[in-house]
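One structure below.
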Amino acid sequence: MELFKPLNVQPSEDKRTSSLKENVRCLIIGSGPAGYTAAIYAARANLHPVLYTGMEMGGQLTTTTEVENFPGFPEGVTGPQLMEQMKKQAERFGTDIRFGVAMSADFSHSPLKVTFDDGKTVEAATVIIATGATAKYLGLEAEKKYAGRGVSACATCDGFFYRGKDVAVVGGGDTAAEEATYLAGLCRKVYLVVRRNELRASKAMQQRVFNTPNIEILWEHQAVDLFGEEVVEGAVLVKKKGTPGEEQVRIKIDGFFLAIGHTPNSSVFSKYLETDAAGYIKTVPGTSKTNVPGVFAAGDVQDPHYRQAVTAAGSGCMAAIDAERFLAGS
């Protein structure tokens, strides 16, 4: 028995229409868990959402191999598979999904306006920003080579795969200290690779690192390469790089974790939206509301703390419900 049927919605128009202007009720920017979840809820609420995917359809999860911590998949699921299923679910209820990148925005008055890379300007009664955040990398060719095969920017996401193994964490701030201590509870040994001769982390986080016996801090070291056949088997480090005492060191590891920060993809909207010092969009606590009426933010672009697929999906749900209530005048 069919439990429910797709809502009877009318797509706004053909996906790459030649018209340079269009008016919609709900515009969603971003196609990660936050964007697709917002689309599912908005479409089921008859908001006829139009979703622009951004440069990376499916977001950061498309670069992840196994996802074992998303509810509903006891055997795990690959990142691309999970995002494809979310995409199909959003389309099922009538979401108009388009490939495109937001280039500029005008939130100074209603209707809200966003212009995309094809030259089209979409006027919207509500906008949900779910553009995510981009992990910072060192810029090594090896990081691309071993992406998903030993290189990760999320210990909470991928640490489970390295139980009982040796790993390295790069960074000296709170994120690096937190990820190192998290991994220390799973791994045999954790190398914390610190460029300077001190940690930038808070005193409390530093103390946690110092008190964890299986964390070894490699002071004044920088990673310059990785090696291994099919997966990461080790890292090449340089101690006191650029000084007369420069020395090359090789360590054997199974996982290489970057913890040097993220860049929220908010710059296009920062003229109008309040952000914190790092660029994360500020929202009213307990909601997805920004300082601009009708504009909502969901997922990693407004979340500097958790950055998980499930929390992004939850905030996408919140954004769609907030948008629906905004349109209803409540």
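Rule-based calculations on the coordinates, nothing more; no lab input. Computed from a predicted model, the values in this text were never measured in an experiment. Ideal geometry is used to build each Cβ from the backbone, glycine not excepted, and the neighbour counts take in all protein chains shown.
General remarks:
- Taking max minus min of the alpha-carbon positions on each principal axis, the chain gives extents of 65, 48, 36 Å, largest first.
- Simple label model, 7 Å out from Cα along Cβ direction - residue 186 to residue 88, nm: 2.8
- Rounded to the nearest 20, the size of the Cβ-charge dipole of the stretch 172-330 about its Cα centre is 400 debye, with Lys and Arg at +1 and Asp and Glu at -1.
- In order along the stretch 247-262, phi translates into HN-Hα couplings of 8, 8, 10, 10, 10, 8, 9, 9, x, 10, 10, 8, 9, 10, x, 10 Hz, rounded to whole numbers, per the Karplus curve 6.51 cos²θ - 1.76 cosθ + 1.60 with θ = phi - 60° and x for Gly and Pro.
- Here's the list of aspartates and glutamates a cross-link from residue 239 could span, going by alpha-carbon distance under 15 Å and ignoring same-chain residues fewer than 8 apart: 198, 216, 220, 225, 247.
- Of all DSSP beta bridges confined to the chain, the antiparallel ones make up roughly 45%.
- Contact order, relative form, for the chain: 20 percent (alpha carbon pairs under 8 Å, 6 or more residues apart, mean separation divided by residue count).
- Diffusion constant of the stretch 171-330 at 4 °C, which comes from Stokes-Einstein with the Kirkwood Cα-pair radius and 1.567 mPa s, µm²/s: 70
- Both radii were evaluated on the Cα set of the stretch 137-258; the Rg over Rh quotient, with Rh as the Kirkwood radius, amounts to 0.94.
- Under the Karplus curve 6.51 cos²θ - 1.76 cosθ + 1.60, θ = phi - 60°, whole-Hz ³J(HN,Hα) for the stretch 53-58, x wherever Gly or Pro sits: 6, x, 5, 10, 4, x
- Each residue of the stretch 201-209 was assigned a 3J(HN,Hα) from its phi angle through the Karplus curve 6.51 cos²θ - 1.76 cosθ + 1.60 (θ = phi - 60°); the sequence is 5, 4, 4, 5, 5, 4, 5, 4, 5 Hz, with glycine and proline shown as x.
- Put simply, the amide H of residue 234, placed in the peptide plane, has neighbours under 5 Å in 227, 253, leaving out anything fewer than 5 places away on its chain.
- Spin-label pair residue 252/residue 103, simplified geometry with 7 Å Cα→Cβ offset, distance in nm: 5.3
- For the stretch 137-258, share of DSSP beta bridges that run antiparallel, in % to the nearest 5: 45
- As a length-normalised measure over Cα pairs under 8 Å and 6 or more apart, the relative contact order of the stretch 137-258 settles at 29 percent.
- Cross-link partners of residue 165 among lysines, defined as those whose alpha carbon lies under 19 angstrom from its own and excluding same-chain residues fewer than eight positions apart: 189, 252.
- Applying a 4.7 Å Cβ-Cβ cutoff to the chain leaves 26, 187, 317 as cysteine residues with no disulfide-compatible partner.
- Acute angle (nearest 10 degrees) that the helix 33-44 long axis makes with the longest principal axis of the chain, alpha-carbon atoms: 20
- Neighbour-limited loop hits for GluC sites (Glu not before Pro), the stretch 188-265 (at most 16 other Cβ within 10 Å; DSSP other than H, G, I, E, B): 198, 229, 230, 233, 246
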